[in-house]
1. Through the Karplus equation 6.51 cos²θ - 1.76 cosθ + 1.60, θ set to phi - 60°, convert the phi angles of region 45-60 into ³J(HN,Hα) values in whole Hz; use x for Gly and Pro.
2. For the peptides 65-77, 44-56, 27-39, what is the packing order when you average, over each peptide's residues, the other Cβ atoms within 10 Å and list the highest mean first?
3. Find out how many positive minus negative residues lie around Val19, taking Lys and Arg as positive, Asp and Glu as negative, among other residues whose Cβ is under 14 Å from that of Val19.
4. Using only the alpha-carbon atoms, how far is helix 73-82 inclined from the longest principal axis of the chain? Give it as 0 to 90 degrees, nearest 10.
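Quick note: the coordinates plus some simple rules give every number you see, no bench work behind them. All figures in this text were calculated on a predicted structure; none of them were measured in a lab. Neighbour counts run over all protein chains shown; Cβ positions are idealised from the backbone, glycine included.
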Amino acid sequence: MEKLQAFQVAARGDGFIKVNEVADGSALWLRSSLPDVGTSYHKRLCLDCLTNSATIYWQTVGAQFNSKTFRTVPSLQEWLGLHPHE
């Protein structure tokens, strides 16, 4: 999980909290502390040390599920800044 420390710091800075860690330590799941506007759903974020990436999952008001994978911390931070609790 050390490889993903920077992703974790960025996510926590945006209000994400730890939910679960995979037993072998290859992935860490977080969720946003606040639900998205118009829904009761929280964004989920998977930090994966096997792919050295972060994937965010969210649900729209129309109940459509979406995901986006990030390979760099700045790209995750930029996306989070553009999509605050939507």
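1. So the J values, rounded to whole Hz, are 9, 10, 9, 10, 7, 6, 9, 6, 9, 10, 10, 9, 10, 8, 10, 7.
2. On the way: 65-77: 13.8, 44-56: 18.2, 27-39: 16.2.
Packing order, densest peptide first, comes out as 44-56, 27-39, 65-77.
3. Working: positive: Arg12, Lys18, Arg31, Lys43, Arg44; negative: Glu21.
Local charge sum for Val19: +4.
4. 10 degrees
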